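Peer 1: So that we are looking at the same thing, I have put the structure below in structure tokens.
The numbers here are math on the coordinates, done by the rules we state, and not lab data. The structure displayed is predicted, hence computed values, not measured ones. A quick note on method: Cβ atoms are made from the backbone with ideal geometry, for glycine too, and the neighbour counts reach across all protein chains shown.
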Amino acid sequence: MNKDKQTIYPVSSAPSPVTGVRTEFVHEKTVRELEAEIEELAKTNESLRKELETDKLTGLNNLRGFGERIYEWFATKQQEDTQPLENDRRKYEKGAMIFIDLNGMKKMNDKLGYIATDNVIKEFSKLSKMVRKELDICCRYHGDEFVIYMPHADARLASQIIALKIKAILESSPIEVRDENGVIQQVDLSFAVGACQILDSPDDSTDRESVNLWIMKHLNESSILEKHAKKETANTIVVAYKTAEGEINIIPEDKLIERRDRIRKHADNAESK
């Protein structure tokens, strides 16, 4: 078939609502022109979808995009699995929801101005991308709050590793912004982390509403743990997680550093043998 051949498409033969006269309307378009219009419409729809699912300030997923990426992850895992999800739930159950809340952003906003504060949030969002693994899904939740979903991760270990990685980057490359007077200011940034261990899966991982309810349940739990962490100590890096027995453990910055140093010492001793 010649795609450049013109084809006539009838549109309407209804009477005009104004004159009452029945008139035939036709569009004359080539198949190639129609295909180009369909392709352009698809691109527009994809662009709008990305805009709706992306946080404008940081470029991370917003909450809507976060839910969609997790829904897609479940869909992918089901396609890869030869067994129905209901018959093999354990593969999907273990994971961690990590909630990160920056400290002192209101004071920073009062001191440096909202433009500088927005720039701090943008710079911190880059760190959240740097410390995540390939499968992890990041989201800017509200204002100075970020969430990372880590499939198959241990919440206790993952939260401490993320906190220490971010701390190391901030120490080697501190965030600098310009205040309202144009003066460069180095920001002393700290944050609280709440880590929720996930031991279940959505009731129906093929249903978006079911997946979103599952996300919000664990997101809220990790948010509550983060608030426990922040209440324990202010203006330092602190991690809170819940044990299998339901006990909330809080690890302040000095304990995190002790654990990091013990691990390094153990690794150095192993290499020297």
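Peer 1: What list do you get for Tyr71, Tyr149, Tyr114 if you sort them by fewest beta carbons within 10 Å?
Peer 2: Going from least to most buried by this count: Tyr114, Tyr71, Tyr149.
Peer 1: Under 1.5 on a/c is rounded, so check that first for segment 131-273, then, if it is not, pick prolate when a/b is larger than b/c and oblate when it is not; a ≥ b ≥ c are the square roots of the alpha carbon gyration tensor eigenvalues.
Peer 2: Cα axes put segment 131-273 in the oblate bin.
Peer 1: What is the order of Cys196, Cys138, fewest Cβ neighbours within 10 Å to most?
Peer 2: Sorted ascending by nearby Cβ count, the order is Cys138, Cys196.
Peer 1: Using DSSP to call loops (not H, G, I, E or B), can you name the GluC sites (Glu not before Pro) in segment 101-204 whose Cβ has at most 14 other Cβ atoms within 10 angstrom?
Peer 2: Hits after loop and neighbour filter: Glu134, Glu180.
Peer 1: Hey, another quick one. Each residue of segment 210-226 in turn: what ³J(HN,Hα) in whole Hz from Karplus with 6.51, -1.76, 1.60 and θ = phi - 60°, glycine and Pro shown as x?
Peer 2: 5, 5, 5, 4, 4, 4, 5, 4, 7, 5, 5, 5, 5, 5, 5, 5, 4
Peer 1: Summarise the long-distance tail of P(r) for segment 28-74 by giving the % of C-alpha pairs beyond 17 Å.
Peer 2: That fraction is 50 percent.
Peer 1: Another question about this same structure. Could you list Lys227, Lys50 in order of exposure, starting from the residue whose Cβ has the fewest other Cβ atoms within 10 Å?
Peer 2: Taking fewest neighbouring Cβ atoms as first place, the list is Lys50, Lys227.
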